[in-house]
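K.L.:
Please find one structure pasted underneath; my questions will follow.
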Amino acid sequence: MYILGIETSCDETGVAIYDTQFWESGQAPYLGLVGQSLFSQVSMHQEYGGVVPELASRDHIKHCLPLIEEVISKSSLTIQDIDAIAYTRGPGLAGALLVGTSIAKSIGFGLNIPCIGVHHLEGHLLSPLLSPDLQLESGETLFPFLALLVSGGHTQIMLVKGIGDYELLGETLDDAAGEAFDKTAKLLGLPYPGGPEVSALAKLGQPGRFNLPRPLLHSKDLNFSFAGLKTAVLTQTKLFEKNSLEQQKQLKADLAHEFVNAVVDVLTKKIMRAVASTGCQTIVVAGGVGANTQLRNEFSRLVQNSSGELRVLYPPIDLCTDNGAMIAFAGALKILNHPESVDQSPAFDVAPRWPLTLA
Ligand code: KG4
Ligand code: ZN
């Protein structure tokens, strides 16, 4: 079965095709990704310092159909070869979601093929299974595993017991990790999106000069809080405003270094606490912040120290941020495992706020 995936929840138009026979054969799921295309709106939103919803919707309208045509021809298929369509139904920007959803439903209705509304975070959550590093032995299963979801809007720890069977173990009480990166970038005078920028600046910084808080590090639960961290960054930047520009450059790098360390510290300590309490030794890291090199380095260190028990999986780096491949893949797994969730009706809605545990 060929599943066409369409992602338009925020500022990326992503389209891809997943061939389910590679999942069903069980050994190298990533081979099923037969084609994908992406258009990022980042440069358009950059001048506003964040995503402008109306501009995002209009741009999805412009790019979605051409990308679908491009992916189908790149995959040497025709539209008649598509067996089902998966689209992001939520959460996200209502107008942006409506673009992908209405296009998916129209094509589905025209071709008389089923559609399936996918939860955006379920796409992120399952995307590490598309890692080329994942080779399953015959009969081997990854479930249950722990998922660390770190995107621009969410920071959650999930226990994934199976496809569609997710237990929320902890989440952020205020800002998401990606949001903290974006806000810190603004405070340091860096452009949107801030994650990669702060991360790059942090590599030029030195440890020891700043000492930022590690919010909720010692709380007994698995929740996070990043709003205070951003405020602490603001307080520090105010203190060095009067320094020379040259001095400020190094101070900003040192502060970025400490900021990234604080975020990585909290994320890794909390997920390791979840490892201890559940006994699950497989962690998948998904969402935009999962592309962060400092976070990946710390996980590598933890894996090395675990004498082979701990396993950490990531999506390929280009699938960490929003993309159509994760939606095609999650839709494919839902159709295979929960055929009852497939929708034949031409009616549709979107779900801008949609808890994953209800998906
Ligand atoms: O998953 P995603 O593409 O979109 C959402 O669903 O939110 O995540 C975007 C977030 C942004 O906040 C961005 O700054 C952050 O991921 N991000 C990073 C990195 N790349 C993207 N944060 C830290 N380090 C990175 N390398
Ligand atoms: Zn996302």
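K.L.:
Could you check, for the stretch 112-133, whether at least one of its residues is farther than 28 Å from Val285 by Cβ and of a type outside the set (A, V, I, L, M, F, W, C)?
P.N.:
yes
K.L.:
Check Ser102, Ser127 and return the single one that is of a type in the set (Ser, Thr, Tyr) and either within 16 Å of ligand 1 (Cβ to nearest atom) or in a loop (DSSP other than H, G, I, E, B) (or both).
P.N.:
Just a single option satisfies the conditions, and that option is Ser127.
K.L.:
Of everything in the stretch 18-39 that's touching a residue at least 60 places away in the same chain (Cβ under 8 Å) and surrounded by fewer than 17 Cβ atoms within 10 Å (Cβ to Cβ), which residue is nearest to Lys186 (Cα to Cα)?
P.N.:
Going through the qualifying residues, I end up with Ala28.
K.L.:
Determine whether the stretch 156-168 contains at least one residue that is open to solvent by less than 20 Å² (accessible area, probe 1.4 Å), over 22 Å from Leu310 (Cα atoms), at pLDDT 95 or above and not acidic (Asp, Glu).
P.N.:
no
Condition check ((1) open to solvent by 100 Å² or more (accessible area, probe 1.4 Å); (2) under 28 Å from Ile157 (Cα atoms); (3) outside the structural domain of Gln156 (by TED's automatic domain parsing)) across all residues:
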site: Lys220; (1), (2), (3): yes, yes, no
site: Thr237; (1), (2), (3): no, no, no
site: Asn243; (1), (2), (3): no, no, no
site: Glu246; (1), (2), (3): yes, no, no
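K.L.:
Kindly evaluate Ser127 against the criterion of being of a type outside the set (A, V, I, L, M), within 16 Å of ligand 2 (Cβ to nearest atom) and in contact with a strand residue (DSSP E or B) (Cβ under 7 Å, 6 or more places away or on another chain).
P.N.:
Considered against the rule, which asks whether it is of a type outside the set (A, V, I, L, M), within 16 Å of ligand 2 (Cβ to nearest atom) and in contact with a strand residue (DSSP E or B) (Cβ under 7 Å, 6 or more places away or on another chain), Ser127 comes out as yes.
K.L.:
Collect the residues in the stretch 49-79 that are in contact with a helix residue (DSSP H, G or I) (Cβ under 7 Å, 6 or more places away or on another chain) and part of a helix (DSSP H, G or I), keeping them in residue-number order.
P.N.:
Across the stretch 49-79, the qualifying residues are Pro53, Glu54, Leu55, Ala56, Ser57, Asp59, His60, Ile61, Cys64, Leu65, Ile72, Ile79.
K.L.:
Please go through the stretch 189-198 and pick out each residue that is at pLDDT 95 or above and surrounded by fewer than 21 Cβ atoms within 10 Å (Cβ to Cβ).
P.N.:
Gly189, Leu190, Pro196, Glu197
K.L.:
Any residue at all in the stretch 98-119 that's within 30 Å of Thr268 (Cα to Cα) and among the polar types (S, T, N, Q)? Steps first, please.
P.N.:
Keep residues of the stretch 98-119 that are within 30 Å of Thr268 (Cα to Cα), which gives 118-119.
Retained after the next criterion (residues that are among the polar types (S, T, N, Q)): none.
Checked against the condition, which is being within 30 Å of Thr268 (Cα to Cα) and among the polar types (S, T, N, Q), the stretch 98-119 yields no hits at all.
K.L.:
Something else about it: Within the stretch 273-292, track down each residue that is assigned to a helix (DSSP H, G or I) and open to solvent by 60 Å² or more (accessible area, probe 1.4 Å). Please lay out each step first, then the result.
P.N.:
Taking the stretch 273-292 as the starting set, the residues that turn out to be assigned to a helix (DSSP H, G or I) are 273-278, 288-291.
If the condition is that a residue be assigned to a helix (DSSP H, G or I) and open to solvent by 60 Å² or more (accessible area, probe 1.4 Å), then Arg273, Ala276, Ser277 are the ones that fit.
K.L.:
Take the stretch 40-64 and flag every residue that is of a type in the set (A, V, I, L, M, F, W, C) and open to solvent by less than 90 Å² (accessible area, probe 1.4 Å).
P.N.:
Once the filter is applied, which keeps residues that are of a type in the set (A, V, I, L, M, F, W, C) and open to solvent by less than 90 Å² (accessible area, probe 1.4 Å), the stretch 40-64 yields Val42, Met44, Val51, Val52, Leu55, Ala56, Cys64.
K.L.:
Of the residues Pro215, Pro207, Pro191, only one is in contact with a Gly (Cβ under 9 Å, 6 or more places away or on another chain), away from ligand 1 (no atom under 16 Å from the Cβ) and not in a helix (DSSP H, G or I); which?
P.N.:
Among Pro215, Pro207, Pro191, only Pro215 is in contact with a Gly (Cβ under 9 Å, 6 or more places away or on another chain), away from ligand 1 (no atom under 16 Å from the Cβ) and not in a helix (DSSP H, G or I).
K.L.:
Which one of these does Gln304 not meet: (1) surrounded by fewer than 16 Cβ atoms within 10 Å (Cβ to Cβ); (2) in contact (Cβ under 8 Å) with a residue 12 or more places away in the chain?
P.N.:
(2)
K.L.:
Could you list, in sequence order, the residues of the stretch 1-45 that are closer than 30 Å to Ser57 by Cβ, part of a helix (DSSP H, G or I), more than 16 Å from ligand 2 (Cβ to nearest atom) and under 20 Å from the mean Cα position of the chain (by Cα)?
P.N.:
Once the filter is applied, which keeps residues that are closer than 30 Å to Ser57 by Cβ, part of a helix (DSSP H, G or I), more than 16 Å from ligand 2 (Cβ to nearest atom) and under 20 Å from the mean Cα position of the chain (by Cα), the stretch 1-45 yields only Ser43.
The values are calculated or read from the model by the stated rules, or taken from the named source; none is laboratory data. All values derive from a computational prediction rather than experimental measurement. Backbone-built Cβ (ideal geometry, glycine too); neighbour counts: all protein chains shown. SASA here: full protein model, heavy atoms, side chains in, ligands and nucleic acids out. Shrake-Rupley method; radii C 1.70, N 1.55, O 1.52, S 1.80 Å.
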